[in-house]
1. Defining a contact as two alpha carbons under 8 Å apart and six or more residues distant in sequence, what relative contact order in percent does region 1-60 show?
2. Of the listed values (i) -0.33, -0.92; (ii) -0.25, -0.91; (iii) -0.37, -1.01, identify the label whose number matches log10 I(q)/I(0) by the Debye sum over Cα atoms at q = 0.10, 0.19 Å⁻¹ calculated from this model.
3. List nothing, just return the count: lysine pairs in region 2-115, 8 or more apart or interchain, with Cα separation under 16 Å.
4. Working from Cα positions, state the angle (0 to 90°, nearest 10) between the long axis of helix 22-36 and the longest principal axis of the chain.
5. Where the only charges are on Cβ atoms (+1 Lys, Arg; -1 Asp, Glu), what is the dipole of the chain about its Cα centre, to the nearest 20 debye?
6. Find the relative contact order for region 2-115 and round it to a whole percent, using C-alpha pairs within less than 8 Å whose residues are 6+ positions apart.
7. Cβ under 9 Å from residue 68's Cβ, residue 68 left aside: what net charge do those residues give with Lys, Arg +1 and Asp, Glu -1?
8. Let me check I've understood the local charge: for residue 26, count other residues with C-beta under 12 angstrom from its C-beta, Lys and Arg +1, Asp and Glu -1. What total comes out?
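Throughout, read-outs are computed from the coordinates displayed, never taken from laboratory work. Predicted, not measured: the structure shown is a model, and the values here were computed from it. No Cβ is skipped: glycine too gets one built from the backbone with ideal geometry, and neighbour counts run over all protein chains shown.
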Amino acid sequence: LLLKIGPGSIDPLLESLTDGAPYVRMRSAAVLGEVALKAGEPERKLVRYRLLTVAQNKSEALEVRQGAVVGLGSVGGPEVEKALETIVEETAGKTEFQPLNKTAREALARIRRTTS
């Protein structure tokens, strides 16, 4: 539903990143990247920044970080690639972080497919 709403849903989604429920934060983060693609560059830049902050926050719930990585895979950008590469390196071989590692590798592949 939010994808159909478009760029006007960015502000409510950004607000949802601070919701008390990890599931809400995770879903909002995952959807933000797709919604931002329909917005102008200033909005994409803001979304990129907020998702990078969430994805790199080691005290954030793992599933929320994964949601942010999914969103980053949609919105892309050079700084996103670098951050995702770092997440892949930092989580490699750590069993509890394998879902995040896999999601980051998939997001990187998606970005590289769209930029090549």
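1. 33 percent.
2. (ii)
3. Total qualifying Lys-Lys pairs in region 2-115 comes to 5.
4. 70 degrees
5. The dipole magnitude comes to about 280 debye.
6. Contact order relative to length: 23 percent.
7. On the way: positive: 25, 50, 65; negative: 60.
Counting the neighbours of residue 68, the net charge comes to +2.
8. Summing Lys/Arg as +1 and Asp/Glu as -1 gives 0.
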